[in-house]
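I'd like to ask you about the structure that follows.
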Amino acid sequence: MTETSAADTSSDAAASKPLEIGDVCRVRWRDGKTSLLAAVVERRPADHWAKRRKQMRLAGSSSSSAAGGGTAGGGGGASSSAAAGGGTADGSGSTKRLASAAGLYEAGDLSALSASEIHYYVHYAGHDRRLDEWIPLERCELATLQRVAVPLSDAAAAAAAAAQQIAAEEGGGGAAANAASAAATGGASGGASPSAVRRQSSAGGGDGPAAAAAAAAGSTERRSSRGRGRPRKASPITIPGSNQGSSDAAINLLTGGNWHGGGGHAHSTDPTLAALEREHEEVTKVKNISKIVLGRHEIEAWYFSPYPQEYANEELLYVCEYCLKYMKRKRTFRCHRRDCPHRRPPGREIYREGSLSVFEIDGKDHRVYCQNLCLLAKLFLDHKTLYYDVDPFYFYVVAEVDEEGAHIVGYFSKEKVSAEEYNLACILTFPQYQKSGYGKFIISLSYELSKREGKPGSPEKPLSDLGKISYRSYWTHILLTLLSKHTEKDNLQIRDISEMTGIKTEDIISTLQSLGMIKVYKGQHAVFVKQDIIKKYLELKKEMRLCNSDCLVWTGPINSDSGRKD
């Protein structure tokens, strides 16, 4: 046997072995054309769902109560919160429960399977976690495979080193790799996202936007004033062929977008906090629900959500679009849709414009509905930390109304009392309604409420990258439109603009500074109106779906103890 044939045989033997967690290779995207660098995050048998369906059929035939359990237990209320939501607070026991719910497997469970009998959960380097997916072996380009031979705890570092080796061998990644990277991140940066990197997000079977969260007005889940969550640092993107050190690369390969595995806890000064971070990241690294059915739409989930264990690890979860109860079985779902007495969200209707309605809901008065809403929203928000403590919040649900009822479109929440004068805590437009202007509508509604209260507000900080894009776009539109209607003789002050728009002065200043329309005179910020900038913007004739104040019937938030606050 020649040296060449021996090397080929050795290479083939290595490729035939199952991939391990931390292995890195290029993976063909769903279109079969684009190739992206990816790291293996988790593994499971290829027949996972077939076995699950068989188990459910056997369980259904042996126990009628199990078949109908979704309706009775699908509320996700306070009674189930301890088991479902405390993923990082209950110690190792909760980790095992949630890990089991996510469908993770021990190494021994897969040892008897060949490489092709295993599916691999991969993260695409430099891209958002919502693109992570389970793939078969045939989508991996094994010629680019770089294996790791280290403990799993060091898999991220090994994967990063392997990625650098691949990049070096390819001469810096090449134009094809850079083009693939640009294609997969284009939507998140505000550009048009090619169809090659689009997520399926509706029942029609077509490709939905992979980066459609930009149209959702940015998933602006942030740290609250009471420390419910912690701000996440923006994760740098690893470019194949870069000269980063191995320690930085270890953090960066499994970053990009909202990935925090291997890096989010590395620089924490609090050991307890660091341990909780590691535990949380380990549990949430794999989506526990593949898709949901919400009304007429079948939607692919983007992120992990801490549904109770008996409803997690599901290929398809059914959610009532009116009461938001969740069920595992299609039969249960059909019965629930027939018998559900609700045809709209709870609370009071505060806005009606044609077929568009908004309902104000007190988290204390409608606790189960709001908890279910938070669990549902977590499937599309990576950083959301509020699931069950909904009492201190108001929820504003946007819905499209027809003869069947009010179909939920999106929502935002706000604290009842905010020392920092935040007027929005969390905002989401569901994927099937994105790219329709609802994100800007929800933002404008939050500011209209602030104006009615007579208190300028601001979204909770820090904003996510997509949140910054959406809010900066809204602020720019409102400010330039306002300035176009005034002249220098009006002598507008920043404080006047804040009172007229409901936008806090610091947000006005930062937006005008980005436009070059702020000057500091004698220690004071002064607006320097540039008519050419305003003229160019107005020529674009941008249209935004904004809140119509004439359609808003609201004098103050609901008060749980004394009714309405007038």
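Under 17 Å between alpha carbons, and skipping anything fewer than 8 positions from LYS455 in its own chain: which lysines qualify?
Excluding near neighbours in sequence, the set is LYS414, LYS416, LYS504, LYS565.
Near LYS325, which lysines are there with a Cα under 17 Å away, not counting those fewer than 8 places off in the same chain?
Within the straight-line limit of under 17 Å, LYS325 reaches these lysines: LYS291, LYS378.
Next question, about the same structure. Give me the net charge for the shell around LEU137: Cβ to Cβ below 12 angstrom, other residues only, Lys and Arg +1, Asp and Glu -1.
Local net charge: 0.
Taking amide H atoms as placed 1.01 Å from N in the peptide plane, list the residues 5 or more away in sequence, or in a different chain, whose amide H sits under 5 Å from that of TYR120.
Residues meeting the amide H criterion: ILE135.
Would you mind computing, in nm to one decimal, how far apart the modelled labels at ARG147 and ARG334 are, each placed 7 Å from Cα along Cα→Cβ?
Taking the simple label geometry, ARG147 and ARG334 are separated by 4.9 nm.
Continuing with this model, one more query. Can you give the three extents of the C-alpha atoms in region 476-539 along their principal axes, from longest to shortest, in whole Å?
33, 24, 23
Within a 10 angstrom radius of the beta carbon, how do LYS33, LYS468 rank from fewest other beta carbons to most?
Lowest to highest Cβ neighbour count: LYS33, LYS468.
Sort TRP302, TRP49, TRP29 by Cβ crowding within 10 Å, fewest neighbours at the top. The partial results should precede the final answer.
Values: TRP302 25, TRP49 17, TRP29 21.
Ordered by Cβ neighbours within 10 Å, fewest first: TRP49, TRP29, TRP302.
Let me ask something else. For GLU138 and GLU404, FRET efficiency with R0 = 41 Å and r from the beta-carbon atoms, rounded to 0.05?
0.45
Something else now. Quick check: pseudo-label points 7 Å beyond the Cα along Cα→Cβ at GLU353 and ARG495, how many nm apart are they?
So the two model labels end up 3.1 nm from each other.
Label-point separation (nm) for LYS541 and LEU58, each offset 7 Å from Cα along Cα-to-Cβ?
If labels sit at LYS541 and LEU58, their model points lie 6.5 nm apart.
Counting only DSSP beta bridges with both residues in region 413-566, tell me the antiparallel percent, nearest 5.
70 percent
Length gain on complete extension for the stretch ASP550 to GLN531, per 0.36 nm per residue less the alpha carbon to alpha carbon distance?
Working it through step by step, the gained length comes to 3.8 nm.
Readers should treat all values here as calculations from the given coordinates under stated rules, not as data from a laboratory. These numbers come from a predicted model, not from an experiment. Virtual Cβ from ideal backbone geometry, glycine too; neighbours counted across all protein chains shown.
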